[in-house]
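Chemist: Before I ask anything, here is the structure I am working with.
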Amino acid sequence: ALTILSTIVKGMKGCLRNHNKTIKGIGISIPGPLNYEKGISKIFNCNKYDKLFGVDIKTYMYNHLKEFVNSPEEIVFVNDANCFLLGEAWRNSLTESNVTAITLGTGIGSSFMTGGAIVNKTNNVPVNGEIYNLPFKDKRAEDWFGTNWFLETYKNKIGHIPDNVKVIADEAQTSIKAKQIFEDFGTNLSHFLVPLLEDFKTDYLIIGGNIAKSYNLFKDNFENSFNGTIPEVIISTDTEDSAILGAVQKLISNYNAQLKNKRNSSQFLMPINEQDQEKDGYDVFPTFEINDSIYQGYASLAKQLAKEKSIIIDGFLGIYWDDFMLNLTDELNKLNVNCITYSIDSAYKCNESIDKLIGPFLGGDDAVFGKIFTGKLKDFFDEEKLNSIQKDDNTLSIIFGCGASLSNWKSKIIYVDIPKNEVQYRSRSRALLNLGAEEALPPKEQYKRMFFVDWVVLNKHKASLLSDIDIIVDGQYFDDISWTTGEILRDGLNKMSCNVFRARPWFEAGIWGGHWMKNKIEGLSQDVINYAWSFELIVPENGVVFSNNKIRLEVSFDMLMFNDNKAILGDAAETFGYEFPIRFDYLDTYDGTNLSLQCHPTQEFIRENFGETFTQDETYYILDAKPGAQVYLGFKEGVQRGEFHNALKESETKTEVMDVEKYVQKHPAKKHDLFLIPNGTIHCSGKDALVLEISSTPYIYTFKMCDWMRLDLDGNSRPLNIERGMDVVNFDCQGDKVKNEYISKESIINKGNDWQIFRLSTHIKHFYEIFRFEFQNEMQLQTNNQCHILNLVEGSKIKVITGEKSMIIQYAETFVIPSNTKKYTLINLGATEAKVIQSNVKPDFCSTRF
């Protein structure tokens with residue numbers, strides 16, 4: 001690979017220096033297959049430039065042509081057939097017609113144009129506009145319409161292999177056998193092209209390439225084989241010149257294009273460096289201090305890697321790999337380290353194979369739900385392609401991308417992690433691709449595929465890698481990074497697994513959202529309409545942040561579980577495995593509106609339909625409320641399934657707001673009330689409350705049955721799930737049973753001089769229990785082999801002491817005490833009584849196996 005790349009760059013430098021003028025950019029006409037946007041070679045088993053398979057050509061060229069271009073965006077790659085068509089259309093003024101172009105040389109290239117624009121994604125055009133790999137007479141088109149076919153056919157007819165096709169063309173002037181070869185070629189070519197040209201309604205067919213120079217030898221057979229009207233055929237007089245013209249045109253069209261937005265959110269990106277002053281009040285960027293070094297910047301990472309011969313850079317979905325590799329290789333070049341980078345993406349299976357693989361798990365047209373994918377990351381890759389990405393021993397070789405460690409390289413492993421909130425902000429900018437995808441899906445559709453497929457396989461992969469990671473990188477920043485060694489990471493996870501810590505929360509607006517968090521939590525962006533959710537502790541989407549010397553490094557919470565789930569969960573580890581069982585999150589309707597009327601699936605339903613291990617049993621703990629706040633919970637006495645179903649359907653059909661209060665009870669909600677919402681319970685929070693939702697971890701499985709005829713923040717209707725809701729909703733939850741069994745009762749189970757512990761009753765379906773600690777000064781507590789999840793629900797702040805560590809917890813902050821902590825102390829630092837809500841898995845449930 002190095003020989004090919006250095007030869008190309010040497011030739012380009014010579015041309016550019018001879019030009020001796022400022023250039024606007026470099027347009028490169030190059031045969032595929034290639035990822036043309038990123039400049040990554042996918043040339044595989046083509047008998048031409050196969051050594052470049054997986055190579056990031058753009059990054060290599062930019063790093064060696066910086067004296068001529070200012071950024072990688074000034075280097076544009078275009079398929080040579082597309083370039084050829086753009087150039088010919090420009091030259092022949094064919095911008096108003098349907099034009100098909102083919103190039104006949106080593107193989108067959110193709111391109112399609114409508115109205116002056118290249119098209120490759122329409123139903124009447126082959127995938128990516130490529131015809132070389134289409135079937136023809138039990139082989140690929142490439143096997144019939146290129147130099148090799150001529151040479152092999154000549155050998156079979158004449159008895160030896162000629163030097164090139166021109167030799168055959170010269171003989172065809174006098175040799176019947178040689179002429180017959182061209183005539184057969186013309187007949188085969190027309191039989192292959194006719195259906196493609198008819199589907200596209202081609203007005204002009206442009207033929208280029210070296211074989212086109214002999215068109216007169218196969219013209220009659222080619223044109224006579226058309227059944228109907230033949231497109232006007234144009235034979236290019238200079239294929240290479242047209243391709244260069246096309247590359248120039250593409251460069252010009254890109255020159256004034258704005259850089260695409262890479263992050264769509266009003267939320268602040270977590271600063272890589274901590275502030276010096278201590279924060280008083282809720283901290284949106286909590287950290288866990290470690291004694292070992294965390295480093296900042298690509299320069300320090302490059303220095304660490306400079307002496308390596310090969311490197312694997314793996315990571316999570318959401319990393320902008322082109323930016324990451326550009327920054328890293330730029331710093332390596334400053335150290336005079338030459339390198340070639342290879343993208344693992346080039347080894348993906350084709351789109352059709354991946355779609356077939358994951359299709360059964362995407363829920364068809366369902367806007368929200370799919371089913372948890374049961375495969376592995378390796379299933380997305382073509383094993384032959386994977387094994388074909390070979391490092392160049394003459395230079396530093398780097399293979400990068402999601403799954404890079406699946407290559408057969410024996411190298412140091414770097415893992416680049418990124419928080420899932422940042423993944424979603426990038427997704428909303430339409431700048432991300434799902435695993436193996438070639439086009440960005442709309443954000444909600446992309447999230448569904450990430451949730452049910454991508455995150456599932458990437459988490460399995462991350463778990464398998466954790467013990468082998470040599471360097472961990474926080475990849476959420478654009479021009480900066482923080483990193484540390486794998487050994488320091490694992491040691492930090494071990495320390496966190498026996499001490500108090502907070503997950504890094506994140507916040508979202510919603511159509512029903514309120515203003516409690518917006519007004520009372522400093523550090524949140526005010527450039528939002530409201531805040532509906534705080535992901536306090538929803539482990540599948542939270543991270544944990546280490547810090548050292550004021551440098552932050554965030555990794556996913558999952559890594560704690562992968563590292564030592566027993567240390568975190570204690571007795572519950574055998575039951576839940578790597579799945580953290582309990583979540584805490586806020587629902588803010590202060591000065592907002594009601595949530596949708598909803599219920600959650602039963603245990604059997606969620607496992608059969610969505611592939612989850614356990615279901616979404618919830619509670620609402622009222623952390624704060626205005627006078628008059630209410631919670632909708634349970635049916636009124638006597639409500640029948642049929643009448644309720646009919647009312648829902650009538651509301652949907654007539655687009656009229658349903659009279660919910662005719663069917664559903666409303667209950668006053670005041671501070672410290674707890675409402676029990678096991679699966680199947682009809683419910684929703686009313687306006688003017690801040691709800692601390694204490695729940696089992698599943699969090700997206702909400703069957704909205706009535707949404708008050710609202711549109712979402714994008715102006716679209718929110719999908720209802722009336723029928724699914726009717727399949728699971730519990731009509732036994734009605735009348736007096738609601739107050740007796742679904743509104744928690746408090747009882748004191750232990751007390752001292754200035755403290756007491758309340759048990760808040762839960763439903764028999766809940767696998768977790770809830771307590772409240774109330775104290776004036778301090779309390780000594782034990783984990784009893786359970787993970788404790790807690791929140792300061794009243795009081796200004798407390799200190800939590802675990803072993804040699806301590807942490808200040810402010811009002812409304814959620815924190816975690818792992819099982820391995822064994823014992824901990826809560827010290828009240830406020831002037832009034834402190835109240836802490838605490839939840840853990842019920843000890844009796846720890847013998848359950850799902």
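Chemist: Suppose each label sits 7 Å from its Cα in the direction of the beta carbon; what would the Asn750-His191 distance come out to in nanometres?
Modeler: With each label placed 7 Å out from Cα toward Cβ, I get 8.6 nm.
Chemist: Anything over 28 Å Cα to Cα? Flag those among Lys550/Lys799; Lys376/Lys550; Lys412/Lys460; Lys649/Lys671; Lys21/Lys51; Lys303/Lys410, in the order listed.
Modeler: Lys376/Lys550; Lys649/Lys671; Lys21/Lys51
Chemist: Next question. Which order do the peptides 17-24, 663-670, 185-192, 313-320 come out in when sorted by mean C-beta neighbours inside 10 angstrom, highest first?
Modeler: The packing order, highest mean first, is 313-320, 185-192, 663-670, 17-24.
Chemist: Could you give the angle, 0 to 90 degrees to the nearest 10, between helix 147-158's Cα long axis and the longest principal axis of the Cα atoms of the chain?
Modeler: Once rounded, one gets 40 degrees.
Chemist: If you don't mind, there's one more thing I want to ask. First measure r as the distance between the Cβ atoms of Lys155 and Leu335, then evaluate 1/(1 + (r/R0)^6) with R0 = 56 Å and state the FRET efficiency to the nearest 0.05.
Modeler: 0.60
Chemist: Right, next: For the stretch 2-80, just the Cα set please: Rg and Dmax, both in angstrom.
Modeler: 12.5, 39
Chemist: Let me ask you something else. What is the diffusion coefficient of the stretch 628-690 in µm²/s, taking the Kirkwood radius over Cα pairs and the Stokes-Einstein relation at 10 °C with a viscosity of 1.306 mPa s?
Modeler: 122
Chemist: Defining a contact as two alpha carbons under 8 Å apart and six or more residues distant in sequence, what relative contact order in percent does the stretch 408-471 show?
Modeler: Across the stretch 408-471, relative contact order equals 40 percent.
Chemist: For a quick check: with amide H placed at 1.01 Å from N, whose amide H comes under 5 Å from Gly830's, ignoring anything fewer than 5 positions away on the same chain?
Modeler: Here the answer is Ser796, Lys797, since their amide H atoms fall under 5 Å of that of Gly830.
Chemist: Then there is this: May I ask for the Kirkwood hydrodynamic radius of the stretch 406-542, worked out over all distinct Cα pairs and given in angstroms to one decimal?
Modeler: For the stretch 406-542, inverting the mean 1/r across all distinct Cα pairs yields 17.5 Å.
Chemist: Listed here are the pairs Lys670/Lys835; Lys42/Lys420; Lys444/Lys626; Lys38/Lys139; Lys42/Lys219; which of them are more than 27 Å apart at the Cα?
Modeler: Lys42/Lys420; Lys444/Lys626; Lys38/Lys139; Lys42/Lys219
Chemist: Something else now. Calculate the length of the line joining the C-alpha centroid of the stretch 665-709 to that of the stretch 582-623, in whole Å.
Modeler: Using only Cα atoms, the two centres lie 7 Å from each other.
Chemist: Determine ³J(HN,Hα), in whole Hz, for all residues of the stretch 312-320 in sequence, where each value follows from phi through the Karplus function 6.51 cos²θ - 1.76 cosθ + 1.60 and θ = phi - 60°; x replaces Gly and Pro.
Modeler: Running phi through 6.51 cos²θ - 1.76 cosθ + 1.60 with θ = phi - 60° gives 9, 10, 9, x, 8, 4, x, 6, 7 Hz.
Chemist: Could you tell me what % of all Cα pairs in the stretch 94-238 have separations over 27 Å?
Modeler: Every Cα pair in the stretch 94-238 considered, those over 27 Å come to 19 percent.
Chemist: Give, in whole angstrom and from largest to smallest, the semi-axes √(5λ) of the equivalent ellipsoid of the stretch 677-787, with λ running over the eigenvalues of the Cα gyration tensor.
Modeler: Over the Cα atoms of the stretch 677-787, the ellipsoid semi-axes are 35, 18, 14 Å.
Chemist: Report, to the nearest 10°, how far helix 558-569 tilts away from the longest principal axis of the Cα atoms in the chain, using its own Cα long axis and a range of 0 to 90°.
Modeler: The helix 558-569 is inclined about 30 degrees to the chain.
Chemist: State, in angstrom, two size descriptors of the stretch 799-850 derived from its alpha carbons: Rg to one decimal place and Dmax to the nearest whole number.
Modeler: Expressed in Å, the Cα Rg and Dmax of the stretch 799-850 come to 13.9, 46.
Chemist: Rounded, prolate or oblate: pick one for the stretch 288-505, where a ≥ b ≥ c are the square roots of the eigenvalues of its C-alpha gyration tensor, a/c under 1.5 means rounded, and failing that, prolate if a/b is larger than b/c, else oblate.
Modeler: oblate
Chemist: Let me ask you something else. As an exercise, use a Förster radius of 35 Å and the Cβ-Cβ distance of Asp844 and Glu661 to find the FRET efficiency, rounded to the nearest 0.05.
Modeler: 0.40
Chemist: Between Asp199 and Asp184, what is the spin-label point distance in nm, taking each point 7 Å from the Cα along the Cα→C-beta axis?
Modeler: So the label points at Asp199 and Asp184 sit 2.7 nm apart.
Chemist: List, in order, the whole-Hz ³J(HN,Hα) value for each residue of the stretch 376-389 obtained from phi through the Karplus relation with A = 6.51, B = -1.76, C = 1.60 and θ = phi - 60°; use x for Gly and Pro.
Modeler: Computed from phi, the couplings for the stretch 376-389 are 10, 4, 4, 5, 7, 10, 7, 4, 5, 5, 4, 6, 8, 7 Hz.
Chemist: Along its principal axes, what span do the Cα atoms of the stretch 597-734 show, with the longest given first and each in whole Å?
Modeler: That gives 39, 37, 36 Å along the principal axes, largest extent first.
Chemist: Follow-up question, since we're still on this one. Volume per residue, Å³, of the convex hull around the alpha-carbon atoms of the stretch 339-447?
Modeler: 122
Chemist: Taking R0 as 30 Å, what FRET efficiency do you get between Asp170 and Ile230 from their Cβ-Cβ distance, rounded to the nearest 0.05?
Modeler: So, using R0 = 30 Å, E works out to roughly 0.60.
Chemist: Return an integer: the convex hull volume of the alpha-carbon atoms of the stretch 516-847, in Å³ per residue.
Modeler: 153
Chemist: I've got another one for you. If you line up the long axis of helix 486-496 against the longest principal axis of the chain, both from Cα atoms, how many degrees apart are they, to the nearest 10?
Modeler: That helix lies at roughly 20 degrees to the long axis.
Chemist: By how many nm would the segment from Asp163 to Thr653 lengthen if fully extended, with 0.36 nm per residue of separation less the alpha-carbon distance?
Modeler: Here the answer is 169.0 nm.
Chemist: Can I ask one more? Can you give the convex hull volume of the alpha carbon atoms of the chain per residue, in Å³?
Modeler: Dividing the Cα hull volume of the chain by its residues yields 189 Å³.
Bear in mind these aren't lab numbers, they're just calculated from the coordinates by the rules spelled out. Quick caveat: nothing in here was measured; it's all calculated off a predicted structure. Reconstructed Cβ throughout: ideal geometry from the backbone, glycine too, with neighbour counts over all protein chains shown.
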